[in-house]
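For reference, the structure is listed below as C-alpha cells.
Please treat every number below as a calculation from the coordinates, not as lab data. None of the values given here were measured: they were computed from a predicted structure. Here Cβ is always computed from backbone atoms with ideal geometry, including for glycine, and neighbour counts include all displayed protein chains.
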Amino acid sequence: MMLTRLRLLVAALWAGSLWTVGYLVAPTLSNTLADRKMFGNIAAGIFRSEAWLTVACALAMFVLVMLATDLDAKRKRTLNFIVGAMLACTVIGYFGMQPVMAMLREAAGTQGVMDSNLKMKFGIVHGVAALIYLAQSVLGVSLVLKSRA
C-alpha cells in the first residue's frame, strides 16, 4: 500500500511540475518581463531544473513499478512505457533541442535571437520543443491516472 501511494505521489509531482512550469510559470514570466532576453534566460534555467526533476522522477517511477506487488505484468508494461516516453520527451526536447536554442541565442549576440536573422530558426526549434513538451504533459495525465491502484 505504501509503494502504491508513493508511486502516485511521484507521478503527481512529476506531472504537476510539468503543468506548473509549462503552463503557469513560463507564460506568467513571458507576460510579466519586458526584457525578452531576461525572460529567455530565466525560462531556460527553470526548464533545466524541470528536465533534471524529470530524470529523477522517471528513475523513481521505474523502481516503484518494478517493486510493485499490486500491478499485473500488463499494467507494469504500460506504466514503464509511459515513463519511458515521458523521459524520451525530455531527452529529445530538452537535452536535444535546448542546446540548439542556446547556440542560436549565442550566435545572435547582444541583440537577442528575436531581433536577429535567426528568429525563424529559433522559432521552429522552439515550436518543436513546445510540441514535445505538450506530448509529455498529456502523457503525464495518463501516468497519474494509470498509477492509481
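Please get the size of the charge dipole for the chain, origin at its Cα centre, with Cβ charges of +1 on Lys and Arg and -1 on Asp and Glu, quoted in debye to the nearest 20.
Around 380 debye, computed over the chain.
Which net charge results for the neighbourhood of Trp14, defined as the other residues with beta-carbon distances under 12 angstrom from its beta-carbon, given Lys and Arg at +1 and Asp and Glu at -1?
Local net charge: 0.
So if R0 is 30 Å, what FRET efficiency would Thr78 and Leu134 give, r being the distance between their Cβ atoms, rounded to the nearest 0.05?
0.90
Which whole-number percent gives the relative contact order of the stretch 2-147, counting Cα pairs below 8 Å spaced six or more residues apart?
Computed over the stretch 2-147, the figure is 35 percent.
If I model a spin label at Lys146 and Asn41 as a point 7 Å from the Cα along the Cα→Cβ vector, what separation in nanometres do I get?
Between Lys146 and Asn41, the label points sit 4.1 nm apart.
Run down the lysines and flag those whose C-alpha is under 30 Å from the C-alpha of Lys121, throwing out any fewer than 8 positions away in its chain.
Lys37
Please sort through the DSSP H helices of the chain and keep those with an alpha-carbon extent of at least 24 Å along the long axis and a Kyte-Doolittle average not below 0.0.
2-20, 36-67, 73-90, 119-147
So what's the net charge close to Met86: Lys and Arg +1, Asp and Glu -1, counting the other residues with Cβ under 13 Å from its Cβ?
0
What's the local net charge at Gly112, with K and R +1, D and E -1, over the other residues with C-beta under 15 Å away?
Its environment carries a net charge of +2.
Among Leu59, Ser17, Phe81, which residue has its Cα positioned farthest towards the positive end of the charge dipole of the stretch 2-147, with +1 placed on the Cβ of Lys and Arg, -1 on the Cβ of Asp and Glu, and the dipole taken about the Cα centre?
Selected residue: Phe81.
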